[in-house]
Amino acid sequence: ALSLSKGVSNHALRCSSRQAIVAPPMSEPSPASLSSARALLKERDFVFFWFSRWTAVLGVTIQSVALGWHVYEIARTTMDVKRAAFMVSLIGLVSFVPVLMLALPAGETADRHNRRAILLICYAAEIGTALLLATAAFMGFATIPLLLGAAFVFGASRAFFAPSNTCLLYTSDAADEE
């Protein structure tokens, strides 16, 4: 064995004496699962549903980043860096609190009411919020309280959107939605 004085650590000695563990190769997907996935992608309604989910996530991400950026830009004109960073963190908090507080009522609402109607209302609220933010930015009347209020409305909309959207995927009978 090599001594520690020659620059070889105990950890290196222990690691070099171990055998490499090789995981077995993953099994190939069954032909049935591939054919069901292909069949699912041929369903027009599912493709529209999947695309709407994807674009919604993209839009939420873009809006969240833009909102934080806008708050920081406004806050830096009147505040020091620490207070401006605190204002940006408030955006995250104000967006998250409605999700936390409305999670159970939103789930119950998704179970008891038409999920498509809930989604349409949520989309309308999110589009309204986005239009308000764009108008405020272009017209120059954006303030931190306005942006915090928009973040709250956006968070409340997302609170109802999530359970309705998730449950809608698993609804197999269109009669359940009416």
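The table for this structure:
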{"item": "Taking N as its residue count, the alpha carbon Rg of the stretch 71-143 over 2.2 N^0.38 Å", "result": "1.46"}
{"item": "For the stretch 30-151, projected area of the alpha-carbon convex hull averaged over all directions, nm²", "result": "10.8"}
{"item": "Two-site label geometry, LEU93 and THR166: point separation in nm, points 7 Å out along Cα→Cβ", "result": "2.6"}
{"item": "Extension reserve of the VAL60-PHE138 stretch, reckoned as 0.36 nm per residue once the Cα distance is removed", "result": "26.1 nm"}
{"item": "Where N is the number of residues in the stretch 48-111, Cα Rg divided by 2.2 N^0.38 Å", "result": "1.46"}
{"item": "Cα centroid separation - the stretch 42-70 against the stretch 109-152, whole Å", "result": "14"}
{"item": "Estimated FRET transfer efficiency when R0 is 30 angstrom, pair TRP69-LEU104 (beta carbons, to 0.05)", "result": "0.40"}
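All of the numbers you see were taken from the coordinates with simple rules; none came from a lab. Just so it is clear, the model here is predicted, and its values are computed rather than measured. All Cβ positions, glycine included, derive from the backbone under ideal geometry; neighbour counts span all protein chains shown.
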